[in-house]
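For reference, the structure is listed below as structure tokens.
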Amino acid sequence: MSRYNYIYEWEGDSDSKFANAVWESGKFIGNSRSTIAVGQVTFVEGDFAAHQTLLDTRNDTLARNRDKISSGLVDDCGGALGGGFCFATFAIAGDILEVVPDEPTYSGSQSLSLKLYGDGELKDTVTVYNEKPFRFETGYRAKTWEIQIESNVEIKKVDVASTMRELMGGK
């Protein structure tokens, strides 16, 4: 084949899953010890989008319940927790908190995880389901940082930074 100038192109069908690939960055070496606290991956979401909708629904329900609890309004009468009398009819131990769906388990064919290494040691592994910025476990300071991505999705960009402000470009 080396004697001919042919270009071969192969295109799989839209149902085919990409093979898992591992990408490792070079070493980022700083003058002093620093912290990488946030990251963001831009990629083609595919069936991650449906899973993220389930996660968002669950998180929204949790947030509404937290708001009701923090305001003290958790009984059927709209009264404060532990306060006053209620003359309405309601079930024993009834409340106005919403039933929180179970945390969904992703069952699709895509995978995307980002591993963060500081001074050669694995510091955190994050499974990514959307393009929103995320936080790493903090408290790690290192002079040398490396990133490893294991994925079968089309990745367009990976950003890591010390602060969310830095990640967003100082906005």
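The length gained on full extension between Ile29 and Lys156, counted as 0.36 nm times the residue separation minus their Cα-Cα distance, comes to 43.4 nm.
Computed from phi, the 3J(HN,Hα) profile of the range 100-114 under the Karplus parametrisation 6.51, -1.76, 1.60 (θ = phi - 60°) reads 8, x, 4, 5, x, 9, 5, 10, x, 9, 8, 8, 7, 10, 10 Hz, with x in place of Gly and Pro.
Just so you know, all these numbers are worked out from the coordinates, no wet-lab data involved. What you see is a predicted model, and the numbers here were worked out from it, not measured in a lab.
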